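Okay, structure first, notes after.
The values are calculated or read from the model by the stated rules, or taken from the named source; none is laboratory data. Because the structure is a prediction, the values reported are computed rather than measured. Cβ placement follows ideal geometry from the backbone for every residue including glycine, while neighbour counts extend to all protein chains displayed.
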Amino acid sequence: MTETTQIDHELFELHERKGPDDNPRFDSSSPTSNVQRVSIGKRPECFKSTLQEICFIFMATLAMATNSLVTGAMIIVTASIGRDLHMTQAQITWISAATTLSAGALQLPLGQLTDLLGRKSFFIAGMIGFSISSLILGFARNPFWMNILCGFLGLFSAVIVPPAIGILGAAYSEPSKRKNWAFACFSAGNPVGFGLGSIIMGISARIFDWRAGFFFFTILWGILAIVSIWVVPNIEAYEPGPFGKRLAIALKKFDYVGTALTIVGVGLFTTALTLGPVDGWKSAHVVAMLIVGFFLLVGFVIWEKNCPHPLMPLHIWKDRGFALVSSLQLV
C-alpha cells in the first residue's frame with residue numbers, strides 16, 4: 001500500500017511539471033540542473049564579475065599571442081623594411097631573429113622575477129613597454145636601431161606571458177570545464193597571434209606603409225595596458241609586505257647561475273640557427289656556437305635539478321596541461 005501511494009505521488013509530481021506540449025518541464029532548481037551547473041565550475045573569487053573574467057582571459061590570450069603576432073607581422077614587411085633602410089641580407093635576417101632570441105632567452109628569468117616582485121605590475125609594465133617599443137620602432141631610420149628595437153619587442157612580449165600563466169594557474173586551481181575553457185583560449189593565442197599580425201601588418205602596409213602597422217600596435221597595446229589596471233586581478237605568489245623587503249628577498253632567491261646559463265645558452269644556439277643559412281652550417285663559428293650553446297643548456301637542466309630556488313622546477317613538466325601550453329608556445 002505504501003509503495004502504491006509513493007508511485008501515485010511521483011506521477012502527480014510529474015504531471016504538475018508538464019508543459020503546454022505535454023512534455024515534462026524540469027525545474028532549474030532541481031538537483032540534476034545543479035549538478036550540471038556545478039560541473040562547469042564556479043567563477044574564481046578573484047574576479048568580481050563574469051565580464052571581468054572574460055576580459056582577463058582575452059587579455060591573457062593576447063599576451064600569449066604577442067610574440068607570434070610580431071613574427072607574423074615581420075614576415076609580411078621584411079622585404080619592405082630591407083629596401084627602405086638599405087639593409088644587407090644579414091641585417092634583414094636579424095629583424096625576426098632578434099625578437100625570437102630576446103623572448104626565448106629572457107622568459108625564464110623574467111618568470112621568476114614576476115613571481116618574486118608582482119604579476120600584475122609586470123603584466124602592465126610589459127604592455128606599456130611593448131606599446132612604447134612599437135612606437136619608437138615605427139620611426140627607425142637605420143638597420144642598427146631597427147634590430148635593437150625588434151629585440152625590445154621580444155623582451156616585452158616575454159614580460160607579459162609569465163604573469164598571464166601565473167594568474168590563470170592560481171585563479172583556476174581546481175579542475176573544471178571553466179578551467180579547460182580558459183586554458184584552451186590561452187593556448188589558442190599563439191596561432192591566432194601569427195595570423196592576426198600578418199593580417200594587420202598586411203592591410204597597414206597595403207594602405208600606408210610598414211610603419212603604420214607598428215603605430216597601430218602602439219595604440220592597441222596602449223589601450224590594453226590601461227584596461228589591464230582594472231581587468232587583471234591581484235593574485236601574487238609572494239608574501240604581503242613592503243616592496244623593499246620583497247626586493248631583498250627577490251635578490252636573495254633569484255637564480256643568477258640559471259639565468260646566465262639560459263641566456264648565454266639560448267643566445268648562442270639561436271644565433272647559430274640564424275647565421276647558419278647565411279654563413280654556412282659548416283662555418284667554424286656556427287658549429288662552435290651550436291656545440292657550446294647545447295652544452296650550456298644541458299648544464300642549465302642539471303643546475304635546475306639541484307638549485308634550491310630554480311628558474312624552472314623540473315617537476316612542473318609532469319603536469320600535462322603545463323607541458324601542452326609550453327609546447328604550443330614554442331611551436
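Residues in the range 216-264 that are under 22 Å from the mean Cα position of the chain (by Cα), of a type in the set (Phe, Trp, Tyr) and either closer than 22 Å to residue 314 by Cβ or surrounded by 12 or more Cβ atoms within 10 Å (Cβ to Cβ) (or both): 216, 217, 221, 238, 254. Return yes or no: is residue 73 farther than 19 Å from residue 297 by Cα and surrounded by 22 or more Cβ atoms within 10 Å (Cβ to Cβ)? Yes: the conditions hold for residue 73. Looking across the range 274-287, the residues that are farther than 17 Å from residue 91 by Cβ, surrounded by fewer than 19 Cβ atoms within 10 Å (Cβ to Cβ) and either of a type in the set (A, V, I, L, M) or under 29 Å from the mean Cα position of the chain (by Cα) (or both) come down to 284, 287. The set of residues from the range 86-122 being in contact (Cβ under 8 Å) with a residue 60 or more places away in the chain, surrounded by 20 or more Cβ atoms within 10 Å (Cβ to Cβ) and over 30 Å from residue 245 (Cα atoms) comprises 94, 97, 100, 101. If the condition is being assigned to a helix (DSSP H, G or I) and under 18 Å from residue 254 (Cα atoms), then the range 294-308 contributes 299, 300, 301, 302, 303, 304, 305, 306. Taken as a whole, the condition of being surrounded by fewer than 20 Cβ atoms within 10 Å (Cβ to Cβ) and assigned to a helix (DSSP H, G or I) applies to residue 199.
Of all the numbered requirements in (1) surrounded by 14 or more Cβ atoms within 10 Å (Cβ to Cβ); (2) in a helix (DSSP H, G or I); (3) in contact (Cβ under 8 Å) with a residue 12 or more places away in the chain, residue 311 misses one, and that requirement is (2). Within the range 172-196, the residues that satisfy the criterion of being among the hydroxyl-bearing types (Ser, Thr, Tyr) and either in contact with a Phe, Trp or Tyr (Cβ under 6 Å, 6 or more places away or on another chain) or not in a helix (DSSP H, G or I) (or both) are 172, 173, 176. One residue alone among 80, 121, 49, 133 is within 16 Å of the chain's Cα centre (by Cα) and at pLDDT 85 or above, and that residue is 121. Residue count for the range 88-137 under the criterion of being in a helix (DSSP H, G or I), more than 24 Å from residue 216 (Cβ to Cβ) and not hydrophobic (A, V, I, L, M, F, W, C): the result is 13. Got at least one residue in the range 163-171 being closer than 21 Å to residue 262 by Cα, over 16 Å from the mean Cα position of the chain (by Cα) and assigned to a helix (DSSP H, G or I)? Taking every residue of the range 163-171 in turn, none turns out to be closer than 21 Å to residue 262 by Cα, over 16 Å from the mean Cα position of the chain (by Cα) and assigned to a helix (DSSP H, G or I).
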